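Here the structure is laid out as structure tokens; the discussion comes afterwards.
The values are calculated or read from the model by the stated rules, or taken from the named source; none is laboratory data. Keep in mind that what you see is a predicted model, and the values were worked out from it rather than measured. Using ideal geometry, Cβ is built from the backbone for each residue, glycine included, and neighbour counts are taken over all protein chains shown. Keep in mind that these areas ignore ligands, DNA and RNA; they rest on the heavy atoms of the full protein, side chains included. Shrake-Rupley method; radii C 1.70, N 1.55, O 1.52, S 1.80 Å.
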Amino acid sequence: MSQVVGFDDPLDEGADATSLLGGKGANLVEMRRGLGLPVPPGFIVTTEVCREYLAGGWPEGLDEQLRAHLERLGEETGRRLGDIESPLLVSVRSGAPVSMPGMMDTVLNVGATEAVRDSGAAEVGEPGFAADTWLRFCRLYSEVV
């Protein structure tokens with residue numbers, strides 16, 4: 001099984017989606033694939049990765065899988081992480097098979113920078129929206145990370 005699973009990737013035969021992807025991840029996959037709802041593309045780092053990390057540190061091959069999934073996400077959206085003209089902003093959420101108090105909160109707009117903020121203001125014609133996007137990232141990053 002891959003350490004990183006795209007929302008559209010098939011799971012191994014007999015895999016328990018909630019145990020492998022966490023409650024939030026399994027629900028996103030079900031809404032996108034099972035119900036055909038317009039859930040934006042994304043990917044999930046499996047709960048197995050957390051166990052591997054706790055047992056022995058950063059899992060081998062994880063960086064390459066994350067890069068590949070970010071590249072795929074960029075291809076699907078026409079945006080790239082770090083690209084000022086067409087920036088890709090992502091949300092990072094934690095999730096366990098069962099919701100637990102004290103879990104890490106979501107960090108929105110990962111990929112936002114001051115340059116992306118300024119470019120976004122020009123792209124959408126709403127400086128306030130772009131400023132709010134940047135400030136939301138800064139606030140959440142400082143609180144969560």
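In this label model, residue 131 and residue 50 are separated by 3.8 nm, measuring between points 7 Å along each Cα→Cβ vector. 3J(HN,Hα) along the range 34-50: x, 9, x, 6, x, 7, x, x, x, 8, 10, 7, 5, 5, 4, 4, 4 Hz, from the Karplus curve 6.51 cos²θ - 1.76 cosθ + 1.60 with θ = phi - 60°, whole Hz, x for Gly and Pro. Per-residue 3J(HN,Hα) values for the range 74-86, derived from phi via the Karplus relation 6.51 cos²θ - 1.76 cosθ + 1.60 with θ = phi - 60°, read x, 5, 5, 9, x, 10, 9, 4, x, 7, 6, 6, 9 Hz in sequence order (x marks Gly and Pro).
Take every Cα pair under 8 Å in the chain that's 6+ residues apart, average their separations, divide by the length, and report that relative contact order as a whole percent. The partial results should precede the final answer.
Details: 177 pairs, mean separation 28.9, N = 145.
Relative contact order for the chain comes out at 20 percent.
A Förster distance of 41 Å, applied to the separation of the beta-carbon atoms of residue 86 and residue 16, puts the FRET efficiency at 0.65.
Here the extension length gained between residue 144 and residue 75 equals 22.0 nm, from 0.36 nm per residue of separation less the Cα-Cα distance. Using only side-chain charges placed at the Cβ, +1 for Lys and Arg and -1 for Asp and Glu, the dipole size of the range 89-145 relative to its Cα centre rounds to 220 debye.
In this structure, residue 64 and residue 35 have a Cβ-Cβ separation that, at R0 = 30 Å, corresponds to a calculated FRET efficiency of about 0.45. Once you reduce the range 43-60 and the range 108-145 to the center of their Cα atoms, the two points are 29 Å from each other.
Taken about its Cα centre, the range 49-131 carries a charge dipole of roughly 300 debye when the Cβ of each Lys and Arg holds +1 and the Cβ of each Asp and Glu holds -1. Explain nothing, just the number: relative contact order of the range 2-56, from Cα pairs under 8 Å at least 6 residues apart, as a whole percent. Worked out over the range 2-56, it gives 50 percent.
Ligands, DNA and RNA are left out, and with a 1.4 angstrom probe the accessible area of the range 1-132 is 61 Å² per residue.
Taking K and R as +1 and D and E as -1, what net charge do the other residues with C-beta under 13 Å from the C-beta of residue 8 add up to?
Numbers: positive: 32, 33, 72; negative: 9, 30, 75, 76.
Summing Lys/Arg as +1 and Asp/Glu as -1 gives -1.
Considering only protein heavy atoms and a 1.4 Å probe, what is the carbon-and-sulfur percentage of the accessible area of the chain? If you can, show how the numbers build up before the last one.
On the way: 4960 of 8950 Å².
Carbon with sulfur: 55 percent of the solvent-accessible area.
Applied to the range 20-25, the Karplus parametrisation 6.51 cos²θ - 1.76 cosθ + 1.60 on θ = phi - 60° returns per-residue 3J(HN,Hα) values of 7, 9, x, x, 5, x Hz, with x for Gly and Pro.
At q = 0.09, 0.18 Å⁻¹, what is the base-10 log of I(q)/I(0) for the chain according to the Debye formula with one equal point scatterer per Cα and no solvent? Please give it to two decimals. Listed by q, the Debye log ratios stand at -0.32, -1.19.
Close amide H partners of residue 6, meaning residues 5 or more places away or on another chain with modelled amide H under 5 Å apart, are 44.
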